[in-house]
Structures are given as C-alpha cells and as structure tokens.
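Presented below is the structure to which this report refers.
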Amino acid sequence: KQEVTQIPAALSVPEGENLVLNCSFTDSAIYNLQWFRQDPGKGLTSLLLIQSSQREQTSGRLNASLDKSSGRSTLYIAASQPGDSATYLCAVKETSGSRLTFGEGTQLTVNP
Amino acid sequence: EAGVAQSPRYKIIEKRQSVAFWCNPISGHATLYWYQQILGQGPKLLIQFQNNGVVDDSQLPKDRFSAERLKGVDSTLKIQPAKLEDSAVYLCASSRPGGAKNIQYFGAGTRLSVL
C-alpha cells in the first residue's frame, strides 16, 4: 500500500527566503507525482506535475524534483512571498488510471 | 471556463442525520472524483466516476455513504446516517479522460460538521 509522507508539517519563514518542502513515498513504482497548493476554505490547485520519466519541472519561482529510486520529491520555492502562504500537498499516482494518494501536507507561512 | 461547483459550502448536522452534497464538474470532463479531507490530513479518494459508471469505490464506506452520477454530469454524495468521524471537507474534482497529465481540477469543497 502506497504511503506518502511530507516533512515538515509546518514551516514559518521570513519573506525572501528560499525554502524546500519534502515528500517521500514508499512504493517507487509510480506513474507521476503532483504538487498542489491549498488555501484556507478553498480547493486544491495543481502547481507542478512530474512524470515518472522526468527528473524535474519548473514553473516561475517553483521547482519540483523527483528521485523515483529513493522515493523522494522536493518542492523548491525561491524568494518566498507572503502570498505563498498556504498548505502544500504532494500526491502520487501509481498507474495512469489509479487514484491519487496524498501526503498530509506542509503548512507554509511566509512572514512579511 | 467555469470551475468545479459544489454546494452547500458548509453544513452542520447532528449525528444519525442524513446529508447530501452536490457537485457540477467542468463542462466536458468525463471523470469525476469525490474526496474526504479530515482536518490535518490529505484528501482521500472516496469514489471515482467515468461518465456515469463507477471506476473506483474501494475506499467508500458503503454502509453509510452512497454516490451517484446520473447522466454523466452532476453528482451527489450522500451520508446516511452520519457519524461524528464524518466531520471533514468533502472535495469534488473533475478531469478529462486519458492523456498523460490527466490533471484534476478541484472545487472549493463542502465543510461538514457532525455534532
């Protein structure tokens, strides 16, 4: 059974810092991995999707990496801003048609 | 393009009562998902529909939860009777079938409190 773990559970940083969020999964045979953002009272927004054959994806100040063999992914946020404050969730899909298995999320607070 | 619509946004009921949630997916999205997100946890898939057929309901507590997607568009999720542990946010998502990415788009969710 696939299990996804995210560390840390919460993180508070001053504005402008670069930061890394971690995600690990127990079964390395994945199809893809996604990072989502969740704002209070709102649904999830997909930030980055990495296929199993890829090593990283970038979008603006966000960079996600994937190391399938070690069962790890990181989300790097450059020059953090207060607007980045949210909960970040990673999720893995084991086959093209299977469900997403989510981690418990990292709650990020960026202080002005 | 309109997003995934869910209603109601909030619901408070007493245990043993019944409750229903409604979801309207993005137009043209054949796949619809219902997730349960308990406070402090990641979402857990309850049921996945492809058009009006069930693809995955392995994590749906079928003794009290039911869902339907008539005509392959809107969907309702029902809980009868509710228990205290059903307090959670119920998220609906939709996606286009097939394709390498198959990104899911989420609604804002319905926050259920069972007292």
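The values are calculated or read from the model by the stated rules, or taken from the named source; none is laboratory data. Because the structure is predicted, anything quoted here is derived from the model rather than measured. Here the Cβ is made from the backbone with ideal geometry for all residues, glycine too, and neighbour counts use every protein chain on show. Keep in mind that these areas ignore ligands, DNA and RNA; they rest on the heavy atoms of the full protein, side chains included. Shrake-Rupley method; radii C 1.70, N 1.55, O 1.52, S 1.80 Å.
Data overview
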item: Descending semi-axes in Å of segment B:22-70, equivalent ellipsoid built from Cα gyration tensor; result: 19, 14, 9
item: 25 °C / 0.890 mPa s Stokes-Einstein diffusion coefficient of chain A, Kirkwood radius on C-alpha pairs, µm²/s; result: 175 µm²/s
item: Fluctuation leader among A:79, A:64, A:91 - chain A, Gaussian network, Cα springs under 10 angstrom; result: A:79
item: Approximate shape of the protein assembly as shown as ellipsoid semi-axes (Cα gyration tensor, √5λ), whole Å, largest first; result: 29, 21, 16
item: Surface accessible to a 1.4 Å probe, per residue, for the residues of segment A:1-68, Å²; result: 51 Å²
item: Heavy-atom accessible surface of the protein assembly as shown: percent carbon and sulfur, 1.4 Å; result: 49 percent
item: Shielding by partners - mean other protein chain Cβ count within 10 Å, residues of A:38-47; result: 5
item: Cα-based equivalent ellipsoid, segment A:23-83: semi-axes from gyration tensor eigenvalues, Å; result: 22, 14, 10
item: Filtered GluC sites (Glu not before Pro), segment A:1-99: DSSP coil and at most 15 other beta carbons within 10 Å; result: A:3, A:15, A:17
item: Interface B:A - total buried accessible surface [probe 1.4 Å, Å², rounded to 100]; result: 1500 Å²
item: For chain B, convex hull of alpha carbons as volume per residue, Å³; result: 100 Å³
item: Fraction of beta bridges assigned by DSSP in chain B that are antiparallel (%, nearest 5); result: 90 percent
item: Cleavage-rule hits (trypsin sites (Lys or Arg not before Pro)) in segment A:1-46: DSSP loop, at most 11 neighbouring Cβ within 10 angstrom; result: A:1
item: At most 15 other Cβ within 10 Å, DSSP loop - trypsin sites (Lys or Arg not before Pro), segment A:59-103; result: A:61
item: Which listed pairs, of A:93/B:11; A:1/B:62; A:68/B:78, have C-alpha distances above 29 Å, in listed order; result: A:93/B:11; A:68/B:78
item: Inter-chain Cβ neighbour average for residues B:35-46, partner chain, 10 Å; result: 5
